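Data block below; observations after.
A short reminder: the numbers here are calculations on the coordinates, not readings from a lab. None of the values given here were measured: they were computed from a predicted structure. Neighbour counts run over all protein chains shown; Cβ positions are idealised from the backbone, glycine included.
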Amino acid sequence: MDYSRLYSQMARIGVGKPNSAATPAQPDLISLVYGLPDPSTVSTSDLLAATELVLTEHRASALQYGPSQGLSELREFLAERLNEREGLTLAPGQILLTGGASQGIGLIARTLLEPGDTILVEAPTFLGAVRAFRLSQPRVIELPVDGAGLVTEALDTALARLAGEGVRPKFLYTMPTFQNPTGATMPLERRQHLLGLARQHNLLVVEDDAYGDLRYDGLELPSLLALDRDGLVVRLGTFSKVLAAGMRLGWAAGPAPLVRALTALKDDSGTSPYISHLALAWAGGGRLDPHLERLRRFYRERRDAALAALDRYCTGYVRWSRPLGGFYVWLELDDAVDAALLRRAADRLGVDYLPGQACFLSDRGERYLRLSFSFVDPDRIEQAIQRLGQALAEAARAPERR
Ligand SMILES: Cc1ncc(COP(=O)(O)O)c(C=O)c1O
């Protein structure tokens, strides 16, 4: 049976082309490809204690179907926490629990997009989100990102041009804090400029804040949701990077009518009450902040190991970002480095990175790569970047041929 002839348009886009055969992994390959949280950061005994608490004190509701919007106790916890820390006034009804931020992204697309609608995204961006948006066949406009995040002047220009064409974009998808993949963080003035433009054009802003709790240096900045006074921001959060990605637990917070619409399209009978209770039992009672402090120390050491190794082994071939938080360093190859040769040398030397093309929708990014430092211990990070430095040296054209 040729099942593909049964597929919906959406499924056809999602299935796409089959992956080309994967090259067999080398035994000693060090991968800096994926932004995986390190499960060793979560104590087994804490999780066991939380599980026991759930099964003794919340057994009936944890093991039963729950509301579509998600466990009210966890929504109350999140609302209280966000309100306290950021001066928000969210009601629990303004929060929807989701199967990770990924599900929030998918729900936003299905709730808001018709084929042909225009959306604005950063370039580079988290392509996982853009792939989800693309199932709804929007016209996607890419906006540049620099060392301070989304270039808001470019947003201004794009919005003016679209207004001239009589087009109102459905939303802007942005990661103002520790952007994936650049690690860039938008300063306060840019956040304010962005929100001013959103107000002027009545533009909905989807703020993806997957890494916001993982700041290693500098002062906290208010989120776009915290700065917004006009109901123009919906913020996505997740337990993936601070507790466990395997829990598949996140949330969307924003204007109540929009959260109700997102909830209406949630077709999984609600995010797992069991996992929601578990996260609450684990995080509640003041345990979350000390955990986050440990987590920041843990990942800061890895970030520092990556930056020190880049200084030591890669200077002269590549420029890189110095992220204040999150999981990623973004590298731009100097002109002398041949990207294809680099790939081959890196494969042979046993280091893997995310090629920049994976972060642009358009055919760009060849001169960039993303390194994730979250999943590899500091010694291995240094070893990986030493290999990368060697690969860069091999891939740099000899001076006389430049
Ligand atoms: C920016 C960003 N948003 C969302 C996600 C998805 O997170 P979740 O595991 O909560 O679905 C990721 C995962 O890497 C991410 O980097």
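Which pairs have Cβ atoms under 6 Å, sit 6 or more apart or on different chains, and link a residue in the stretch 2-16 that is assigned to a helix (DSSP H, G or I) to one that is hydrophobic (A, V, I, L, M, F, W, C) and surrounded by 10 or more Cβ atoms within 10 Å (Cβ to Cβ)?
Going by the 6 Å Cβ cut-off, the qualifying pairs are Met10/Leu135; Ile13/Leu135; Gly14/Leu135.
For the stretch 322-338, which residues satisfy the criterion of being surrounded by fewer than 19 Cβ atoms within 10 Å (Cβ to Cβ) and either of a type in the set (Asp, Glu) or within 20 Å of the chain's Cα centre (by Cα) (or both)? Quick ask: steps written out before the conclusion?
From the stretch 322-338, those surrounded by fewer than 19 Cβ atoms within 10 Å (Cβ to Cβ) are 322, 332, 334-336, 338; that's our starting set.
Listed by number, the residues that qualify are Arg322, Glu332, Asp334, Asp335, Asp338.
Need pairs with beta-carbon distance below 7 Å; first residue more than 26 Å from Arg296 (Cβ to Cβ) and within the stretch 192-213, second more than 15 Å from the ligand (Cβ to nearest atom) and among the small types (Gly, Ala, Ser); sequence gap 6+ or separate chains.
Partner pairs satisfying both residue conditions: His201/Ala163; Val205/Ala198.
Would you check if there is a residue in the stretch 383-397 being touching a residue at least 40 places away in the same chain (Cβ under 8 Å) and more than 18 Å from Arg312 (Cα to Cα)? Spell out how you get there, then give the answer.
Residues of the stretch 383-397 that are touching a residue at least 40 places away in the same chain (Cβ under 8 Å), as a first pass: 383-397.
Those left that are additionally more than 18 Å from Arg312 (Cα to Cα): 397.
Checked against the condition, which is being touching a residue at least 40 places away in the same chain (Cβ under 8 Å) and more than 18 Å from Arg312 (Cα to Cα), the stretch 383-397 yields at least one hit.
Looking only at the stretch 76-107, which residues are within 16 Å of the ligand (Cβ to nearest atom) and out of contact with any Gly (no Cβ under 8 Å at 6 or more places or on another chain)?
Within the stretch 76-107, the first condition is being within 16 Å of the ligand (Cβ to nearest atom), and the residues that meet it are 78, 95-107.
If the condition is that a residue be within 16 Å of the ligand (Cβ to nearest atom) and out of contact with any Gly (no Cβ under 8 Å at 6 or more places or on another chain), then Gly106, Leu107 are the ones that fit.
Mind listing whichever residues of the stretch 63-97 are aromatic (Phe, Trp, Tyr) and either free of Cβ contacts under 8 Å to residues at least 60 places away in the same chain or out of contact with any Ser or Thr (no Cβ under 8 Å at 6 or more places or on another chain) (or both)?
Here is the first cut: in the stretch 63-97, the ones aromatic (Phe, Trp, Tyr) are 65, 77.
Scanning the stretch 63-97 gives a single hit, Phe77.
So which of Asp213, Asp146, Asp217 is among the acidic types (Asp, Glu) and touching a strand residue (DSSP E or B) at 6+ places or on another chain (Cβ under 8 Å)?
Details: Asp213 fails: touching a strand residue (DSSP E or B) at 6+ places or on another chain (Cβ under 8 Å); Asp146 fails: touching a strand residue (DSSP E or B) at 6+ places or on another chain (Cβ under 8 Å).
One residue alone meets the criteria, Asp217.
Suppose we filter the stretch 132-151 for residues that are touching a residue at least 60 places away in the same chain (Cβ under 8 Å) and not acidic (Asp, Glu); how many remain?
Pass one, the stretch 132-151, residues touching a residue at least 60 places away in the same chain (Cβ under 8 Å): 134-137, 140, 142, 147.
Now narrow it down to the ones that are not acidic (Asp, Glu): 134-137, 140, 147.
Matching residues across the stretch 132-151 total 6.
With the checklist (1) buried (at least 20 other Cβ atoms within 10 Å of the Cβ); (2) without any contact (Cβ under 8 Å) to a residue 60 or more places away in the chain in hand, flag the one item Leu341 doesn't pass.
For Leu341, the failing item is (1).
Being touching a Pro at 6+ places or on another chain (Cβ under 6 Å) and more than 16 Å from the ligand (Cβ to nearest atom) is the filter here; which residues of the stretch 222-245 pass it?
Matches in the stretch 222-245: Gly231 only.
Take Leu258 and decide whether it is touching a residue at least 12 places away in the same chain (Cβ under 8 Å), away from the ligand (no atom under 16 Å from the Cβ) and either within 20 Å of Met175 (Cβ to Cβ) or charged (D, E, K, R) (or both). First the steps, then the outcome.
Working: touching a residue at least 12 places away in the same chain (Cβ under 8 Å): yes; away from the ligand (no atom under 16 Å from the Cβ): yes; either within 20 Å of Met175 (Cβ to Cβ) or charged (D, E, K, R) (or both): yes.
The answer is yes for Leu258.
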